Amino acid sequence: MKNKHRNSPEDSIKRDLTAAYRLIADQNLTDTIFTHITARSTQGDDQIYINRFGLFFDEVTPESLVLCSISGEVCDPGSRLEGLSDITNPNGFAFHAVVHRARSDANCVIHLHSHASTVVSLNPAGLIGLTQNAMRFNGQIAWYEYDGVNPNTEQLSDMVQVMGDKPILAMRHHGMISVGRSVAEAFHRAFYFNKACQEQIDILSSVKNPLLPKGPSVDKSLSYFTNPERVLGEREWPGWLRYLDRKFPNWDKN
Ligand SMILES: [Zn+2]
């Protein structure tokens, strides 16, 4: 299929980030205007795009995105939208910036207070490998104890230390963070992590003694999903963009 969106790399980042906001809204994974998704600019490792604070995720457009330095100064406020006083959420931005700063591979950071991830965060056993969607996260999740709203600098530094090089940080009593080398990869992980959490909730509430998967197929699945050579999400991302085109025409217009 001919690619009808021929954009500069920077335009593509803004469009992909907008798509992630729209898809997270479409999948009912939002917490109104709270939580954020950020992406590193192609103009340098120290510049990050975030949503204009106050916009619902399904209102985000490429031109409304705010470009900030990693220390939080606004480089480009994006399009100014009526009725919004704040440009960014400083606490939210600091939360994301610390992950981008600590992880050169984190070109996109997604933080969610999604229902399923928050419920599973209370399970002492964490995410159990009951389904293929859960198995893919074997060894990929760091668990972080609750540290209250708006963590201070020291707590943020502890948070990234606990996260280490894992692609998912499951936050007890709170939600989750996923990171990716691309927006597509971070979205893929957030989508499947939430799907796996919902599956676990449904299984544990409806099956008394669920079967545990066993045999060589488990190892095969684990090595398939955790192969670092594979950039996750790239294959289906164009499909997600077409989904948005079909369902929300002009979603990427400004
Ligand atoms: Zn949060």
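Here residue 196 meets the list (1) touching a helix residue (DSSP H, G or I) at 6+ places or on another chain (Cβ under 6 Å); (2) surrounded by fewer than 20 Cβ atoms within 10 Å (Cβ to Cβ); (3) part of a helix (DSSP H, G or I) almost entirely, failing just condition (2). All told, residue 102 falls short of being within 16 Å of the ligand (Cβ to nearest atom), more than 29 Å from residue 243 (Cβ to Cβ) and of a type outside the set (D, E, K, R). Go through the range 42-61 and give me each residue that's surrounded by 23 or more Cβ atoms within 10 Å (Cβ to Cβ) and either of a type in the set (S, T, N, Q) or in contact (Cβ under 8 Å) with a residue 60 or more places away in the chain (or both). Answer for the range 42-61, where residues must be surrounded by 23 or more Cβ atoms within 10 Å (Cβ to Cβ) and either of a type in the set (S, T, N, Q) or in contact (Cβ under 8 Å) with a residue 60 or more places away in the chain (or both): just 51. Among the conditions (1) out of contact with any strand residue (DSSP E or B) (no Cβ under 6 Å at 6 or more places or on another chain); (2) closer than 23 Å to residue 228 by Cα; (3) buried (at least 22 other Cβ atoms within 10 Å of the Cβ), the only one that residue 120 does not satisfy is (2).
Of all residues in the range 47-96, those satisfying the criterion of being within 18 Å of residue 113 (Cβ to Cβ) and away from the ligand (no atom under 16 Å from the Cβ) are 54, 55, 56, 58, 60. Of the numbered criteria (1) farther than 27 Å from residue 49 by Cβ; (2) surrounded by fewer than 17 Cβ atoms within 10 Å (Cβ to Cβ); (3) within 19 Å of the chain's Cα centre (by Cα); (4) modelled with pLDDT of 95 or more, the one residue 127 fails is (2). Can you find even one residue in the range 224-237 that is under 27 Å from residue 16 (Cβ atoms), modelled with pLDDT of 95 or more and out of contact with any Asp or Glu (no Cβ under 7 Å at 6 or more places or on another chain)? Yes.
Picking from 139, 148, which residue would you name as being modelled with pLDDT under 95 and within 16 Å of the ligand (Cβ to nearest atom)? Can you show your working first?
Working: 139 fails: within 16 Å of the ligand (Cβ to nearest atom).
It is 148.
Which one of 143, 240 is within 20 Å of the chain's Cα centre (by Cα) and more than 22 Å from residue 39 (Cβ to Cβ)?
Details: 240 fails: more than 22 Å from residue 39 (Cβ to Cβ).
Of the residues listed, the single one that is within 20 Å of the chain's Cα centre (by Cα) and more than 22 Å from residue 39 (Cβ to Cβ) is 143.
Going residue by residue through the range 166-186, is there one that turns out to be of a type outside the set (Val, Ile, Thr), more than 14 Å from the chain's Cα centre (by Cα) and either modelled with pLDDT under 95 or away from the ligand (no atom under 16 Å from the Cβ) (or both)? Within the range 166-186 (the criterion being of a type outside the set (Val, Ile, Thr), more than 14 Å from the chain's Cα centre (by Cα) and either modelled with pLDDT under 95 or away from the ligand (no atom under 16 Å from the Cβ) (or both)), the answer is no, since none of the residues qualifies.
The values are calculated or read from the model by the stated rules, or taken from the named source; none is laboratory data. The structure displayed is predicted, hence computed values, not measured ones. In this analysis, Cβ positions are derived from the backbone assuming ideal geometry, glycine residues included, and neighbour counts consider all displayed protein chains.
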